[in-house]
1. Before we move on, is L85 outside any helix (DSSP H, G or I) and either surrounded by fewer than 22 Cβ atoms within 10 Å (Cβ to Cβ) or modelled with pLDDT of 95 or more (or both)?
2. Being outside any loop (DSSP other than H, G, I, E, B), within 26 Å of the chain's Cα centre (by Cα) and at negative phi is the requirement here; does E19 meet it?
3. Sort out which residues of region 56-75 are surrounded by 16 or more Cβ atoms within 10 Å (Cβ to Cβ) and modelled with pLDDT of 95 or more, and write them in order of number.
4. Could you say whether any residue in region 130-153 is within 12 Å of the ligand (Cβ to nearest atom) and either assigned to a helix (DSSP H, G or I) or buried (at least 19 other Cβ atoms within 10 Å of the Cβ) (or both)?
5. Could you list, in sequence order, the residues of region 220-233 that are out of contact with any helix residue (DSSP H, G or I) (no Cβ under 7 Å at 6 or more places or on another chain) and either of a type in the set (G, A, S) or buried (at least 16 other Cβ atoms within 10 Å of the Cβ) (or both)?
6. Against the conditions (1) closer than 22 Å to K170 by Cα; (2) near the ligand (Cβ under 9 Å from one of its atoms), where does I18 fall short? Just the number, please.
7. Which of the numbered conditions does T254 fail, given that it passes all the others? Conditions: (1) of a type in the set (V, I, T); (2) surrounded by 18 or more Cβ atoms within 10 Å (Cβ to Cβ); (3) outside any strand (DSSP E or B).
8. Could you please let me know if G178 is assigned by TED's automatic domain parsing to the domain that holds G159, of a type outside the set (K, R) and either on the phi > 0 side of the Ramachandran plot or part of a helix (DSSP H, G or I) (or both)?
Amino acid sequence: MTQRLLLLGTGGIATHHIEEFAAIPECEFVACADAVPGRAAAFAQKHGIPKAFAGLDEAIAWGEFDAAVNATPDGVHMETTLALLAAGKHVFCEKPLAQSYPDALRMVEAAEAAGLINMVNLTYRNSPALQKAREMVAGGDIGDLRHVSAEYLQSWLVGKYWGDWRTDEKWLWRLSKGHGSTGVLGDVGVHILDFATYCAGESMASLYADLAVFPKAEGDRIGDYRLDVNDSIVITGRMVSGALATVTATRYATGHANDLVLTLSGTRGAVRVETDGKISKLSACLGKDVDENRWREIETPPLKRNARRFADALISGRTGDPSFRRAAEIQKLIDAAFESGEKGGPVKIG
Ligand SMILES: NC(=O)c1ccc[n+]([C@@H]2O[C@H](COP(=O)([O-])OP(=O)(O)OC[C@H]3O[C@@H](n4cnc5c(N)ncnc54)[C@H](O)[C@@H]3O)[C@@H](O)[C@H]2O)c1
């Protein structure tokens, strides 16, 4: 039976969802909705979606869909997802799931209590290199974990590769608390924290975070947008096993459009995952290569992408990974990083 999908929010990332679900014959976008008048209608026309609504309430009142892809801005995820769950709809939500751990937990509890499928689009789970590296680490290939080094590198505050942040609303909202952003930490810190802890197979026990808001415009404002969220963050932490971790996320990494680099080093070897979201590469220094400091590239098998796994979850009735609960665990790390940044000291993860 075809899974009927609603696409909520028809901005930048919506096109990515059209492309991802186009490869999944069991799913079909039957409608889209957006809060900006006319935007959903134009999107529907462009992508051949039969129905368009001027907001979620209208879409829910119509009701003829099984699940929603929630592609609204960060600050809107909770209220819209709770409304969808209350209407009995499964949800595939964009990241970050919420803006705080308590909010994320509300969403977890609502979804689980209703018995609805709940997953989050942590896109870099689509990296075959990440999945293979996780398998190798879990299989003991690198021995006991000693060091995690993770970086998420973007440069859109320096160059115009993705457009001009000064004039493009798609970037401006990401710089402003009042527009629902929690900065680079909430925007892509969520990805790199998931990437690192998923690959390591363990979370952090404590962390210290330094969050920087750099001066960018006169009066730290452009039009309605106060530029008040973190642009670059560095986290140092202890993994649960005692390994040390450094996690960086920045919008000032000149020469990097969108690069994730993760190295896990253990007592017997190391693995490195690199991805720009399209291509991913796994290399390892293992066995005899350890004494030569030689890295070899490792082949990675294809994998099921998030959208495919969401479709599988709808069909099987069992939530897949990353679930709301997993995303809430990452939110816990983000909250701890904000707490640490405010108090200027380390924070234990509860
Ligand atoms: N997984 C990824 O790698 C990835 C990449 C980019 C963006 N995202 C996430 O996707 C989400 C959307 O980002 P974007 O870049 O598409 O933003 P965007 O601003 O381009 O699009 C968001 C759309 O949602 C609409 N909207 C706002 N409030 C709404 C509401 N209450 N009901 C219906 N529509 C509403 C807006 O009008 C807009 O058209 C964000 O949470 C972002 O973090 C994820």
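1. no
2. Judged against the criteria, E19 is a match.
3. Of everything in region 56-75, those that are surrounded by 16 or more Cβ atoms within 10 Å (Cβ to Cβ) and modelled with pLDDT of 95 or more turn out to be L56, A59, I60, F65, D66, A67, A68, V69, N70, A71, T72.
4. yes
5. Once the filter is applied, which keeps residues that are out of contact with any helix residue (DSSP H, G or I) (no Cβ under 7 Å at 6 or more places or on another chain) and either of a type in the set (G, A, S) or buried (at least 16 other Cβ atoms within 10 Å of the Cβ) (or both), region 220-233 yields only G223.
6. Every listed condition holds for I18 apart from (2).
7. (2)
8. Against the criterion (assigned by TED's automatic domain parsing to the domain that holds G159, of a type outside the set (K, R) and either on the phi > 0 side of the Ramachandran plot or part of a helix (DSSP H, G or I) (or both)), G178 qualifies.
The values are calculated or read from the model by the stated rules, or taken from the named source; none is laboratory data. For clarity, every value in this text was computed on a predicted model and none was experimentally measured. Every residue, glycine as well, gets a Cβ built from its backbone with ideal geometry; the counts of neighbours run over all protein chains shown.
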